[in-house]
Structure formats: structure tokens, C-alpha cells
Amino acid sequence: MNARKIIYRVFKKSWFIFAFAIFFNSGFALETEERIVASFDIIRATGRVKVFLKPGKSERLRIETRGVEISKVFTVIDGTTLKIYIQKGFIDDNIDVKVYVTYKVLREVHSSALADIQAESAIKGDKLVVDVNSKGRANVKVDVNTLELMVSVSGELEISGKTKIQNTRVNSDGKLKAFNLQCEKTYIKINTAGIAEVRAGELLDATVHTGGNLRYKGNPSKETIKSTLGGTVTRLAD
């Protein structure tokens, strides 16, 4: 093999490696951005985003992305609602979008369409609404007087902490994991193959229909349980 052919092959291989490196870095390099936002007390995350919540003295956001331009990640204030979503069309499994949210007060948390919301520090307050649907996910810790939980359409919610009262609905293949939630009074309705795990304190009022499944721990002094159309209720020992 003559020298010209060797040089040509080396040049071709080097060019391929160089082009691949440019493609990889442009598509998967980490981008970060800090954003200033107005006050909010409601969060709605939609699409393939991971949202991490923590309390603080002022509201602020930090965004990290791989596989998608950071400009395609929208954080919009609508009234008192912070909306977090990706530009339509960016649903590839390879993208990685993380939004770190510092909040002062939260009244509602909504996760849908593959969004994933996590709160390691307890969300504190009088009342909190958590709504997870359409394959959304959430894993939160709470310390509130009243909880309103809604899990539906293959949404998954794991919740821990403590509350005095919870009003909960689980429908359409929704899944609720709340064995680690201390609750004095639990009111829950489950339908259409929803699955829920709860810990009952003083009171459990449960209605389970149409293939729903309720598993509970605790020894409530007052129980009202109704199940029809294939709904099942099971008490488990601690």
C-alpha cells in the first residue's frame, strides 16, 4: 500500500471522528441556565421533564438540558401558576431535561404527560393539591392539614409525610403509594383499575368500583367501605 493511500485512509478516519464529535457535543452537551420568575404557588409540569422542588426565601429556577436546546424548555408564569414544558415535538427518549425549582409557597402540584416531579423536603402549608395523570409521575413529602390527591390515566404518585385529612381519587390505571403518609382521616374513591395503598388513622371512608384495588394499613376506629363491580379491599398488617 503506497503512502498516498495510507494518508487518505488516516485523513478519512480522522474526519469521521471529528464529525462525530461535533454531532455528539452539539446534541448531547450539557446546557445550564438560571431564570428569574415572578411569584407562583402552583406548578404544572408537562412532557419529558424532571422537576426538583425545594423551599426557599425567593422563587428561582435552574435548568439543565442534554439532547435538546435549552431555549426549547419553556417556564411561563400564568397568574400564579408556573408552567414547565418542552416545545411541541421534543419527546425523544434521549433528551434529558431537569428543572430545579425553588419556591416560597405551594398550593398545587400537577404532573402530566411523562413529567416527573420530586420533592425531598416536605411541602408545608394548610392545604395541598397533587394531581398526577397521563403517565406523569410524582414523589413528594408533605406536612399539611389537608390533602387533595388525584391520580389517573396511568399516573403514579408516591407520597409520604403527614396530614390530618386526605380526599383522594384514583382512576384509570392510576397508582398511589401512600403507606408512608400518616393521615388521621382518609376519604378515598377508586375506579377503573386504579390501585391505592394508604395508611388509615382514625377514619377510613373508601369506595372501590370497577376493578379498583385498595390496600391499607392501620387500625381505624371508624371504617366505611363499599366495593362493587370487581373492586377489592385488603387490610395488611404492619
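None of the figures in this text is laboratory data; all of them are computed from the coordinates on show. None of the values given here were measured: they were computed from a predicted structure. Cβ: placed from backbone, ideal geometry, glycine included. Neighbour counts: every protein chain shown.
Some points to look at:
- Chain lengthening between Ser160 and Gln182 when straightened (0.36 nm per residue, less Cα-Cα): 7.2 nm
- The chain gives an Rg/Rh value of 1.18, both radii derived from C-alpha positions and Rh following Kirkwood.
- For the residue pairs Lys98/Lys175; Lys124/Lys222; Lys104/Lys222; Lys57/Lys175; Lys98/Lys226, alpha carbon separations beyond 31 Å are given by Lys104/Lys222; Lys57/Lys175; Lys98/Lys226.
- Given +1 at the Cβ of Lys and Arg, -1 at the Cβ of Asp and Glu and no other charges, the dipole of region 136-202 around its Cα centre is 40 debye to the nearest 20.
- Each Cα pair under 8 Å and six or more residues apart adds its separation to the average, and for the chain the resulting relative contact order is 12 percent.
- On the principal axes of its alpha carbon atoms, region 119-238 extends 38, 35, 22 Å, with the longest extent given first.
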